[in-house]
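In what follows, a single structure is set out as structure tokens and then discussed.
Read-outs throughout are calculated quantities, based only on the coordinates presented, and are distinct from any laboratory measurement. What you see is a predicted model, and the numbers here were worked out from it, not measured in a lab. Ideal geometry is used to build each Cβ from the backbone, glycine not excepted, and the neighbour counts take in all protein chains shown.
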Amino acid sequence: MLIKHRGKSPTIDPSAYIAPTATIVGDVTIRKGARILYGAIINAEGSRIEIGEGSIVLENAVLRATDAGNREHPVILGRDVFISPHVTVLGADIRDKVFLSTGVTVLHGAVVHESVVAGVGSFIHGETVIPQGVFVPPNTIAVGNPFELFGPPDKLRLLEKIESIKFPKIAYNVDDGSFSDSAGAATRVRVREFTAHFEDEIISEGHMVAEDAIISG
């Protein structure tokens with residue numbers, strides 16, 4: 001469903017795939033080769049959202065920009081970003097090849113630099129800056145600039161264990177070193193896989209498409 005909001009309609013590259021039950025609201029730009037899967041909500045509100053080339057937003061993720069008290073917080077996704085199911089990104093800057101695992105939350109003003117991997121259930125607080133290549137362990141909270149991690153006392157041992165099982169090889173059949181090194185390659189694997197959705201057949205029309213949505217290209 002594409003929705004015009006505050007006088008602005010989504011702009012979508014024709015090579016991007018938008019699932020029928022995804023909802024795209026307002027000043028949203030979706031670039032070449034992006035994949036937006038079922039139940040995702042991408043809501044620009046009074047600001048804007050940009051989803052970079054080859055990036056993926058999976059099932060039931062929420063991306064929402066904000067504009068409160070004349071302080072605008074857009075959502076910016078770079079290239080080859082992987083947004084897993086049930087991720088929430090509110091007014092944050094997510095750079096190239098970032099991998100946000102299931103259940104991650106990123107709050108307003110945060111900056112997540114290139115090739116960061118955020119583990120399942122982790123939380124990146126407002127205006128926190130995560131440097132390039134960092135692995136944020138599962139179920140931890142990152143706060144500040146420079147950031148500090150708060151969470152289970154054995155988080156470092158957990159990080160070593162996660163690295164040892166070579167999850168990128170298991171899930172995506174890529175082996176580029178650490179998970180941070182593999183994040184962009186993992187995204188590209190899923191982009192190729194999800195290309196098959198272009199051939200999907202809608203058996204029953206259960207969604208609406210705004211007549212004035214802009215298809216770029």
Which residue, Ala68, Ala34, Ala183, has the most motion in a Gaussian network model of the chain that connects Cα atoms within less than 10 Å?
Ala68
Positive-end residue, region 2-198 charge dipole about Cα centroid, Cβ charges, pick of Val89, Thr29, Pro168
Thr29
For the chain, modelled as a Gaussian network with Cα springs under 10 Å, which listed residue fluctuates most, Lys161, Lys97, Lys32?
Lys161
Cα-derived Rg over Rh, computed across region 91-157 with Rh taken as Kirkwood radius
0.92
For region 12-107, share of DSSP beta bridges that run antiparallel, in % to the nearest 5
10
Can you give the local net charge around Arg95? Use residues other than it whose beta-carbon is closer than 11 angstrom to its beta-carbon, Lys and Arg +1, Asp and Glu -1.
-2
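Run through every distinct alpha carbon pair of the chain and return the Kirkwood hydrodynamic radius in angstroms, one decimal place.
On the way: mean 1/r = 0.0574 Å⁻¹.
Computed over Cα pairs of the chain, the Kirkwood hydrodynamic radius comes out at 17.4 Å.
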By how many degrees, 0 to 90 and rounded to 10, does the Cα axis of helix 179-194 deviate from the longest principal axis of the chain?
30
Going Cα to Cα from Lys166, which aspartates and glutamates come in below 17 Å? Please leave out same-chain ones fewer than 8 positions away.
Asp175, Asp176, Asp181
Report, for the chain, the % of DSSP beta bridges that are antiparallel, rounded to 5.
15
Radius ratio Rg over Rh of region 54-93, counting only Cα atoms, Kirkwood formula for Rh:
1.03
Between helix 155-164 and the chain: long-axis angle, C-alpha atoms, 0 to 90°, nearest 10
70
